[in-house]
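Let me begin by presenting the structure, written as structure tokens, before commenting on it.
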Amino acid sequence: MSKKLFIPGPSDVSQGVFEAMSAPMIGHRGREYTQLFMECIQNLKKLMFTENTIFIVPSSSTGLMEAAVRNCVKKKCLNVGNGAFSDRWHQITKDNGKKADLLSFEWGEAPLPETIDERLSSGEYDTLTLVHTETSTGVTAPLEDIAKVAGDYDVSFLVDAVSSMGGIKVDVDKLGIDVCLFGVQKAMALPAGLAICSVSDAALKKAKSIENRGYYFDFLVYLKYLNKKQTPTTGAISIMQGLRYQLDQIINHEGMDNRFLRHRKMGEYCRAWARKNLGILPKERFASDTVSCVTKTAGIDIADLDLKLEQRGYVFAKGYGKIADQTFRVAHMGERTLDELKQYLYVIDEILGF
Ligand SMILES: *Cc1c(COP(=O)(O)O)cnc(C)c1O
């Protein structure tokens, strides 16, 4: 029997998605592929609230984190870091030969717009990276406030929405995000292997003046093919078939507002549960509606909890990175329902004797 995943990616995939994915294979230079690809793009623009250019790439999300800095950093990048994934983006930036500084915040804290403002005011930077929901700590950054700051400077604003897109609203155009990227295996609840980003006209124009963009992740190569309604390489066709189905479900069946509300309710329920029995890392204002990071776990035998949950048909998420030993996480994203979450937390209560 399959186990229910309560980890922050990959998420459980619906039967409907699997059925859509089992459609016959098609050629990636044919009309059917173009139709599939363009339908996905049309609905992705709705999901992301953007008129920007959309690229669909056969890769994990990390590939597009690399692509974003590779195509957009000309002078120097300011990487905002407040957890494992945002810190990693700094590493990725440097590993691609770009000049970069890490603006560090405590793990569990949200990045402060004032501090970012102060750093950008030095004029050293032409790019700012931010992780929307930091999956290691369950912190969702105050995106609107930080976007306002970024808008005051001549910087490319790059946002990792990997664990929020599809669960928390990200209004790309209103926020002025130059590159907004995510993978599909988290709140989008598709099998892993596809990454998506929106790219602003300003970022595309800037990319032309940047050397060594590579080939596989070169936005301008993607753009050239997009203009012919194609992709440079073979797409992840089956996942795209699942994506087309899932976008229709999200937009036309569940409804985006309902989906965001379902995630909010799961987040609130999980945090109330955590506060009552243990603790929760972020302040309520910055707590993510897709993943919660539970603290005060010192008295708990995590390995035993993990095993007992597995025996009851669940996949448990330990802590991540340098706070792995002091925390565990509960993912409430994708197709997960409030009732399923309640059941899972009830089982944890039983195991831990709460
Ligand atoms: C999962 C995750 C990533 C990495 O995603 P991959 O698809 O495994 O490359 C990056 N950033 C955040 C915030 C994540 O949650």
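The values are calculated or read from the model by the stated rules, or taken from the named source; none is laboratory data. Since the model is a prediction, treat every value here as computed from it, not as a measurement. We place every Cβ from the backbone using ideal geometry, glycine too, and count neighbours over all the protein chains shown. Surface accessibility is based on the protein's heavy atoms, side chains included, excluding ligands, DNA and RNA. Shrake-Rupley method; radii C 1.70, N 1.55, O 1.52, S 1.80 Å.
Tell me, yes or no, whether segment 180-187 has at least one residue that is away from the ligand (no atom under 13 Å from the Cβ) and either charged (D, E, K, R) or part of a loop (DSSP other than H, G, I, E, B) (or both). Within segment 180-187 (the criterion being away from the ligand (no atom under 13 Å from the Cβ) and either charged (D, E, K, R) or part of a loop (DSSP other than H, G, I, E, B) (or both)), the answer is no, since none of the residues qualifies. The residue list G193, G167, G176, G183 contains one member that is closer than 18 Å to S11 by Cβ, modelled with pLDDT of 95 or more and surrounded by fewer than 19 Cβ atoms within 10 Å (Cβ to Cβ), which is G193.
Being modelled with pLDDT of 95 or more, aliphatic (A, V, I, L, M), over 21 Å from the mean Cα position of the chain (by Cα) and open to solvent by 20 Å² or more (accessible area, probe 1.4 Å) is a condition met by at least one residue of segment 304-323. Can you tell me how many residues within segment 69-90 are touching a Leu at 6+ places or on another chain (Cβ under 9 Å), open to solvent by 10 Å² or more (accessible area, probe 1.4 Å) and more than 12 Å from the ligand (Cβ to nearest atom)? Qualifying residue count, segment 69-90: 1.
What about I237, is it among the β-branched types (V, I, T) and open to solvent by 20 Å² or more (accessible area, probe 1.4 Å)? Here the answer is no, as I237 does not meet what is asked.
Could you identify the single residue in E66, E19, E39, E32 that is open to solvent by 30 Å² or more (accessible area, probe 1.4 Å) and within 30 Å of S121 (Cβ to Cβ)?
E66
What are the pairs with Cβ atoms under 6 angstrom where one residue, in segment 125-153, is free of Cβ contacts under 8 Å to residues at least 40 places away in the same chain and open to solvent by 10 Å² or more (accessible area, probe 1.4 Å) and the other, located anywhere, is among the β-branched types (V, I, T) and away from the ligand (no atom under 16 Å from the Cβ)? Sequence gap at least six, or different chains. These pairs meet every condition: V149/I116. Just one of the listed residues (V170, V159) is out of contact with any Gly (no Cβ under 9 Å at 6 or more places or on another chain), within 16 Å of the ligand (Cβ to nearest atom) and in a loop (DSSP other than H, G, I, E, B), and it is V170. Please pick out the residue among L243, L181, L130 that is in the same structural domain as S59 (by TED's automatic domain parsing) and over 12 Å from the mean Cα position of the chain (by Cα). That would be L243, the only listed residue that is in the same structural domain as S59 (by TED's automatic domain parsing) and over 12 Å from the mean Cα position of the chain (by Cα).
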